[in-house]
Amino acid sequence: MNNFSDMLSKAKKMQDQMKEVQENIKKIEVEGIAGGNLVKVILKGDYEMKSITISSDAKNEKSEIINDLIIAAHNDAKEKLKKRTSEELLKATGVANFPIDFKLPF
């Protein structure tokens, strides 16, 4: 029975660590850039978009190009956020690509 108690204790500790990591990840902000700084997008750690900045030079472009630049900047920010999230999880768990929404069954 002692092994089971030890296992539950370790699982609880891991759950607490994951909660802390999730809180830290929410505080992360990354900047995605496209078109040589024509468009910048800032994403927060929960993938919520915080801001979009479109330079005055970009505003002279056709709307299709601006749309493409926004999408490219968003995708750049998403990739940077995935990398930062993986780094945070790796520091906390020692396991790369650990699912951020990992839930224990209790």
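Summary table
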| read-out | value |
| --- | --- |
| Angle between the chain longest axis and helix 63-93 axis [Cα atoms, degrees, rounded to 10] | 20 degrees |
| Environment charge at Glu20 (Cβ cut-off 12 Å; Lys +1, Arg +1, Asp -1, Glu -1) | +2 |
| Long pairs among Lys12/Lys78; Lys10/Lys80; Lys27/Lys82; Lys40/Lys82; Lys13/Lys78; Lys40/Lys78, criterion Cα-Cα beyond 23 Å | Lys12/Lys78; Lys10/Lys80; Lys13/Lys78 |
| Helical mean residue ellipticity (222 nm; -39500 (n - 2.57) per DSSP H run of 4+; nearest 500) of the chain | -19000 deg cm²/dmol |
| Degrees separating the helix 2-26 axis from the principal Cα axis of the chain, which is the longest one | 20 degrees |
| Taking the chain and dividing mean pair separation by its residue count, relative contact order in percent (alpha carbons under 8 Å, at least six apart) | 27 percent |
| Of (i) 1.22; (ii) 0.94; (iii) 1.10, the label for Rg/Rh (Cα atoms, Kirkwood Rh) derived from the coordinates | (i) |
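FYI, it's all coordinate maths here, none of it is from the lab. Here the structure is a predicted model, which is why all the values come from computation and not from measurement. Note that each Cβ is placed from the backbone with ideal geometry, even for glycine, and that neighbours are counted across all protein chains shown.
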